[in-house]
Amino acid sequence: MHEMGIAMQIVEIAAASIPKNVENIQVERVNIKVGKLSAVVPESLKFCFEIVVKDTPLSGARLVIEEVPVVARCNECSAEWTITGPVFTCIKCNSGSIQILSGRELDIVSIEIADP
Amino acid sequence: MEIKVVRKVLDVNDTMAQQNRSRFADEKVFVLNVMSSPGSGKTTTLVKTISRLLPEIKCAVIVGDICSTIDADRLSVTGVQVVQVNTDEFGGDCHLAAHVIGNAANSIDLEAVDLLIVENVGNLVCPAEFDIGEDARVVVLSVTEGEDKPLKYPLMFRVCDAALLNKTDLLPYLEYDKNDAVKNILQIHPDMSVFEISAKTEEGFEPWIMWLKERVKKKLA
């Protein structure tokens, strides 16, 4: 629901990462990671990015999203597994004391610029 | 050529949230972020909660809505300081961001406050993603919303410390499986505190008020 704001943040951070000393840079890709547990819908984010990116130094860039699975570790028995459904108890010992190792990401990884 | 960036998209918000957190620590103010879907009874719950906390715990409220001051008007009957934030000035945002809380807190006399309650914009999705510098998060879920809501909005139920299952006075009129709802909450967040309450009749309020008081006093100590 807030994908437009997220897209604007991505463009702002990515634009600030463009090297200052090179002219006519074309940013081709912005690579980001989105955890499956984050409140962001990848398709909506791509749609918003396409709108927001116009008339910015990133004009024409593509947003490439790597979705990160929700991985948990049990604090009791140290089991590690990927959570695919809405159950957050240990698959081995049923303990509720778990850590979420990944799945909350909303990170910009890199930008890719065209070779001059 | 690939240029590494490696930054969190919500970096700016997270930094602001940390600034809020250290400011609230300096001022010895406990901040409670209250979230829910629209119409779950947040405002009524807070009016009744504040009435039970006063005068022992001095409260103030920041209330967020896309527009209108209806909730602020309702909350002001408690006599506490209330600041209404309308997010339509920020593009109709579906949540309160950390900088908005920072600004709103400027118009509150924090020295005279023990507990700052933030009534977030009614929405079970976005507010879960935004740290505002709070000490505890609570989600209000009413029995008219269906038992499956925790399963549909897992992030919200993962990030909250307690759930208030509200409007239990309506249970005799509904085909609602309360045990199933509690089971679903605990399936998402096994060590969550769940309080069954009726904001209308105030049934079940005592354990919830004790839970909150204990946390506020711990911070003030």
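The numbers here are math on the coordinates, done by the rules we state, and not lab data. Being a predicted model, the structure only gives us computed values, none of them experimental. Cβ atoms come from the backbone with ideal geometry, glycine included; neighbour counts cover every protein chain shown.
At a glance:
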item	result
Enumeration of residues in the range B:25-60 that are surrounded by fewer than 18 Cβ atoms within 10 Å (Cβ to Cβ) and of a type in the set (Gly, Ala, Ser)	B:ALA25, B:GLY39, B:SER51
Test result for A:ILE111, over 25 Å from B:HIS95 (Cα atoms), within 12 Å of chain B (Cβ to nearest Cβ) and among the aliphatic types (A, V, I, L, M)	yes
Enumeration of residues in the range A:69-88 that are surrounded by 19 or more Cβ atoms within 10 Å (Cβ to Cβ) and either at the interface with another protein chain (Cβ under 7 Å from one of its Cβ atoms) or closer than 22 Å to B:PHE130 by Cα (or both)	A:VAL70, A:ALA72, A:PHE88
Entirely in the range B:1-68, the strands (runs of 3 or more DSSP E) that have 1 or more residues that are under 16 Å from the mean Cα position of the chain (by Cα) and either within 14 Å of chain A (Cβ to nearest Cβ) or not polar (S, T, N, Q) (or both)	B:30-36, B:59-65
Subset tally (residues that are surrounded by fewer than 22 Cβ atoms within 10 Å (Cβ to Cβ), among the hydrophobic types (A, V, I, L, M, F, W, C) and closer than 19 Å to B:CYS67 by Cα) for the range B:101-120	1
Helices (runs of 4 or more DSSP H) wholly inside the range B:153-221 containing at least 2 residues that are out of contact with any Gly (no Cβ under 9 Å at 6 or more places or on another chain) and within 29 Å of B:GLU27 (Cβ to Cβ)	B:154-159, B:205-220
Residue that is more than 8 Å from every other protein chain (Cβ to nearest Cβ) and loosely packed, with under 15 Cβ neighbours inside 10 Å, where the choices are A:PRO42, A:PRO57, A:PRO19	A:PRO57
